[in-house]
Amino acid sequence: MKALYQKYRSYYRDSLKLAVPVVISQLGHTLVQTSDSIIVGHFAGTTALAAVSLVNSLFLVPLVIGMGISYGITPLIAQNNGRGNFAECGRLLSNSFFLNIITGIVLFCAIYFGVILFIDKLHQAPEVVVQAKPYLFLLSLSIIPLMIFSTFKQFAEGLGFTKQAMLVSIWGNILNIVLGIIFVKGLFGVTPMGIKGVGYSTLIDRSVMAMVMAVYVFRSPIFKKYLKDFAIRNIDRIRGLQIMKIGTPVAMQYVFEVGAFGGAALIIGSIGMIEQAAHQVAISLAAMTYMMASGISSAAAIRSGNYFGSGNHKELRLSAISNYHIVIVFMSCTAIIFTLFNQYLPWIYTSDKTVIAIAAQLLIVAAFFQLFDGTQVVGLGVLRGMGDVNMPTVITFISYWVIGLPIAYLLGVHLNLGVIGVWYGLVLGLMASSIMLFLRFQKISKSNNLIIVDDIK
């Protein structure tokens, strides 16, 4: 064990230095919805909490499409920075900024004209749907400023500057919580808004975060050498396609995973409102640990991109394995926490004892899939940094839509295992993804024919 630690010690230190701020920043995305769930659960009731679960399950797919597209720039920035091609970083940012704004507008329209019009046909409780509609509209509108924030966040993180996005996320979440409580409960003369209150707080929070992150990138002297070629004239089809070549498969990877969890939420919603509320509690806690693991994955993608860009494939493999070690240790700790405190953690979200009892059972299942969830997301990050995005996309589709979700439906509905059966199916999907992605990494990293992302000449 000591020899293993000595071998990877420098990589642990390097990865953690980069990963910790990204982990906190990534956690910020989940904390927005987590804080919304907590505020609504305590101040608006179980029906409103079920509405939050329904909205989050519907909103997550468009959200991760946007996040996936925005992530397309990060490995390209890391690779060009590794090659010392600073001017190209500014050109890529120009294209990413334009692409992400268009993506945000398209996603908002898709949610507004698509999901909201058909939400009544999803066989959910009518009282839940009534409360869900206004919240979904406000949340979907917030995706536009979120895409702008992500543009500059991914650019800065691709260059290895991760602390600033972390600080913006922390203060943004504090703002979201404060405004959410004020709007939902009706403090300081504000009329109580119920579930709409957390929608308004999220929209304001994400708008402020976008402005602050943009100002930071444009005014900080550390980015001057990268921004010399940031201009409208450098928006072109070739670079846009290069970003999309990575971003689109990444988006689909997230869609397949999050879509499966969203589909599971709809299955659970058809089982019962109490089960849906319990699912929201448990999945919110699991999502927090997932997003933290996703931060480690993002750091792994950045370092893999740096080493890949400089042609140092031995260092790439050592760095990648160190990130696997880190996420295994971290997710083992969260699994222990879920197991020991499964009866107490749900109280953070609700005081409904029936909901708490079911959520406590789900947290035991969540504890079991922590390792699979962490290792599969790190595997995606490592492969993304190397430019390998197409085969991992196929793997995620098979894992969640061929294995996970069908088994979840079979166990939960046909075999009458209920919400627990649905979660068993999700565990199998995560396990399949984790194993196949690791085998993919082993195959590529041990060969001499590493994936090559074409440069722009």
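The values are calculated or read from the model by the stated rules, or taken from the named source; none is laboratory data. Predicted, not measured: the structure shown is a model, and the values here were computed from it. Here the Cβ is made from the backbone with ideal geometry for all residues, glycine too, and neighbour counts use every protein chain on show. With ligands, DNA and RNA removed, areas are computed over all heavy atoms of the protein, side chains included. Shrake-Rupley method; radii C 1.70, N 1.55, O 1.52, S 1.80 Å.
Charge dipole (Cα centre; +1 on Lys/Arg Cβ, -1 on Asp/Glu Cβ; no other charges) of region 148-298 amounts to roughly 720 debye. In the chain, the longest principal axis of the Cα atoms and the axis of helix 313-340 are about 20 degrees apart. A simple count of charges around Tyr226, restricted to other residues whose Cβ falls under 14 Å of its Cβ and scoring Lys, Arg +1 and Asp, Glu -1, yields +3. When shorter helices are ignored and each DSSP H run of at least 4 residues is given -39500 (n - 2.57), the per-residue value for the chain at 222 nm works out to -27500 deg cm²/dmol.
Overall, the accessible surface of region 394-433 at a probe of 1.4 angstrom is composed of carbon and sulfur to the extent of 79 percent. Among [x] 62, 49, 46; [y] 68, 46, 45; [z] 57, 49, 37, only one was calculated for this model; which label is it, if the read-out is Cα extents along the principal axes in Å? Correct label is [z].
With contacts taken as Cα pairs under 8 Å at a separation of at least 6 residues, the chain carries a relative contact order of 24 percent.
Per residue, how large is the accessible surface of the chain? Use a 1.4 angstrom probe and give square angstrom. All intermediate terms of the calculation are to be shown ahead of the outcome.
Details: 17980 Å² over 457 residues.
With the other protein chains kept in place, the chain gives 39 Å² per residue.
With contacts taken as Cα pairs under 8 Å at a separation of at least 6 residues, region 228-368 carries a relative contact order of 25 percent. When only the Cβ of Lys, Arg, Asp and Glu is charged (+1, +1, -1, -1), the dipole of region 121-225 relative to its Cα centre reaches about 260 debye. Within the accessible surface of region 136-208, defined with a 1.4 Å probe on protein heavy atoms only, the carbon and sulfur portion equals 77 percent.
Summary of packing: across the peptides 99-105, 75-81, the per-residue average of other C-beta atoms within 10 Å ranks them, highest first, as 75-81, 99-105.
Phi angles across region 292-304 convert, under the Karplus curve 6.51 cos²θ - 1.76 cosθ + 1.60 with θ = phi - 60°, into 3J(HN,Hα) values of 5, 5, 5, x, 5, 4, 5, 5, 5, 5, 5, 5, 4 Hz, Gly and Pro given as x. Here the peptides 427-437, 214-224 are ranked by packing, the mean other Cβ count within 10 Å, and the order with the highest first is 427-437, 214-224.
Quantify, in whole percent, the carbon and sulfur part of the accessible surface of region 305-382 (1.4 Å probe; protein heavy atoms only). Ligands and nucleic acids excluded, carbon and sulfur give 70 percent. For region 263-417, build the charge dipole from Cβ charges (+1 Lys, Arg; -1 Asp, Glu) around the Cα centre, then report which of Ile296, Gly374, Asn312 sits farthest towards its positive end. Selected residue: Asn312. Quick one: Debye curve from the C-alpha atoms of region 290-375, no solvent, what's log10 I(q)/I(0) at q = 0.14, 0.18, 0.26 Å⁻¹? For region 290-375 at q = 0.14, 0.18, 0.26 Å⁻¹, log10 I(q)/I(0) is -0.58, -0.77, -1.14. Of the residues Pro406, Ile364, Ile328, the one whose Cα sits farthest toward the positive end of the charge dipole of region 303-442, with +1 on the Cβ of Lys and Arg and -1 on the Cβ of Asp and Glu, is Ile328.
Could you work out how far helix 195-219 tilts from the main Cα principal axis of the chain, as a 0 to 90 degree angle to the nearest 10? Value to nearest ten degrees: 10.
With a ≥ b ≥ c the root eigenvalues of the C-alpha gyration tensor of region 288-444, is it rounded (a/c under 1.5), prolate (a/b larger than b/c) or oblate? Oblate, since a/c reaches 1.5 and b/c is not below a/b. What's the whole-number percent of alpha carbon pairs in region 165-245 lying beyond 15 angstrom? Of all Cα-Cα pairs in region 165-245, 69 percent lie more than 15 Å apart. Against the chain, whose longest principal axis comes from its Cα atoms, helix 237-271 is set at around 20 degrees.
Here region 266-334 has an Rg and Dmax of 17.7, 54 Å, counting Cα atoms alone. Oblate is the label for region 69-205, because a/c, from the alpha-carbon gyration tensor with a ≥ b ≥ c as root eigenvalues, is 1.5 or above and a/b does not exceed b/c.
When peptides 327-340, 57-70, 374-387, 392-405 are sorted by average Cβ neighbour count within 10 Å, with the highest value leading, the order is 374-387, 57-70, 392-405, 327-340. For the chain, a crude dipole built from +1 on the beta carbon of Lys and Arg and -1 on the beta carbon of Asp and Glu, taken about the Cα centre, is about 1460 debye to the nearest 20.
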